[in-house]
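Since every read-out is calculated from the coordinates, none of them should be taken as a lab result. As the structure is a computational prediction, the values presented were derived from the model and not from experiment.
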Amino acid sequence: MKQAVHTDSAPKALGPYSQAIRHGQMVFCSGQVPIDPATGAVLTGGIEEQTHQVLKNLSAVLGAAGCTMADVVKTTVFLTDMGEFAAMNKIYGEYFPAPFPGRSTVQVGRLPKDVKVEIEAIAVRT
């Protein structure tokens, strides 16, 4: 049976979706964008600042589902500029312990609220 996961420590959903869905031991996290959950405002700044906020938001959602970043098995990273991949990747590496999750990274034309980065994840509760 699937259960919605919600935390006030991450931004509210921008539409008709859950922050994450837990089904058995699996947790499917919706894409997180660099919104400050306290203010609801998009974090201004470069890709580094935005990536930090995205991963803090993702960590909060995972925590509400009973997981940590170490439980993540797969992520998808959406960037509006693949030229910022190296900067995003450096920050990303600070949040995930080895063995690192599988990952896909794609460049997209535009993201919600015109942010630079969005990251979604799948985790397995241990």
(request) Choose one answer from 100, 78, 28: the residue with the largest mean-square fluctuation in a GNM of the chain with alpha-carbon springs under 10 Å. (result) 100
(request) Treating cross-link reach as a plain straight distance, find the lysines whose alpha-carbon is under 21 Å from the alpha-carbon of residue 74, omitting any fewer than eight places away in the same chain. (result) 2, 56, 90, 116
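In cubic angstrom, how much convex hull volume per residue do the alpha carbon atoms of the stretch 1-64 span?
Details: hull volume 4.8 nm³, N = 64.
Normalising the Cα hull of the stretch 1-64 by residue number yields 74 Å³.
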(request) Send over the Kirkwood Rh of the stretch 49-119, from the inverse of the averaged 1/r over different Cα pairs, rounded to one decimal Å. (result) 12.5
(message) With an 8 Å Cα cut-off and a minimum separation of 6 or more residues, compute the relative contact order for the stretch 2-124 in percent.
(response) 32
(request) Any chance you could list P(r) for the chain, counting all Cα-Cα pairs in 10 angstrom bins from zero, rounded to whole %? (result) 14, 49, 33, 4, 0
(request) Can you spot the aspartates and glutamates whose alpha carbon is less than 14 Å from residue 12's alpha carbon? Ignore those fewer than 8 places along the same chain. (result) 36
